[in-house]
């Protein structure tokens, strides 16, 4: 989490990466490309009070954890709203359409950084009307929400890098999003998962919005070895009402 400030201003998004990376799926090595920085097209409005009982982490790290989680939840909500708009315009058929997008990313922890290494593992979609929304959501997930640690990496010479992965998909059973980040130790992973869970509980008590509440109810965190997983999984029975015209 200690690289959030640099990556906030220099966020690397794979505008071209999804297209070019897909050409490499199936065995080619990941590439290192320059990407243009961009910011999210909406403001974070959720404000929560993080109490001092979140162990002894510095203030900037507590803020990072809070803002990372709020941003993730808003990104998922924004994507679900985009699906609802497509459904209302009859460009998304909930009885038939499915998709899956998976990507791994390494971002060097360097000042004024403009390059990153990514591997596009999957981009499965048969509905071209969905493509802009899938690509837009992919860009938001690319940096792992700066929750990963800067770790030694042979890919960028002597520079350390963060390591993250995301997968999101819609099948006939559920809609799910999974973001995975790598920490420097199993202890660090357990700490972050616990920190996110505490922040999550504060957010959950505050939300009255239907879509956001359902996202909160179906989001969980876990650590495994040196990795942290942020997982949202909405069963189809919970997703369908959110895509209705009057869902708010």
Task: In region 88-109, the residues that are out of contact with any strand residue (DSSP E or B) (no Cβ under 8 Å at 6 or more places or on another chain) and crowded, with 18+ Cβ neighbours inside 10 Å - done: 92
Open item on the list: Just to check your reading of the model, which residue among 239, 243, 216, 196 is buried (at least 21 other Cβ atoms within 10 Å of the Cβ) and closer than 26 Å to residue 100 by Cβ?
Closed with: 196
- [ ] Would you check if there is a residue in region 101-115 being closer than 22 Å to residue 242 by Cβ, at pLDDT 95 or above and assigned to a helix (DSSP H, G or I)?
- [x] no
- [ ] Evaluate region 85-93: report whether one residue or more is part of a strand (DSSP E or B) and at pLDDT below 95.
- [x] no
Task: Those residues of region 87-97 which are without any contact (Cβ under 8 Å) to a residue 60 or more places away in the chain and out of contact with any helix residue (DSSP H, G or I) (no Cβ under 6 Å at 6 or more places or on another chain), in sequence order - done: 89, 90, 93, 95, 96
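The values are calculated or read from the model by the stated rules, or taken from the named source; none is laboratory data. Note that the structure is predicted; figures quoted are calculated from it, not measured. So basically every Cβ, Gly included, is an ideal-geometry build from the backbone, and we count neighbours across all protein chains shown.
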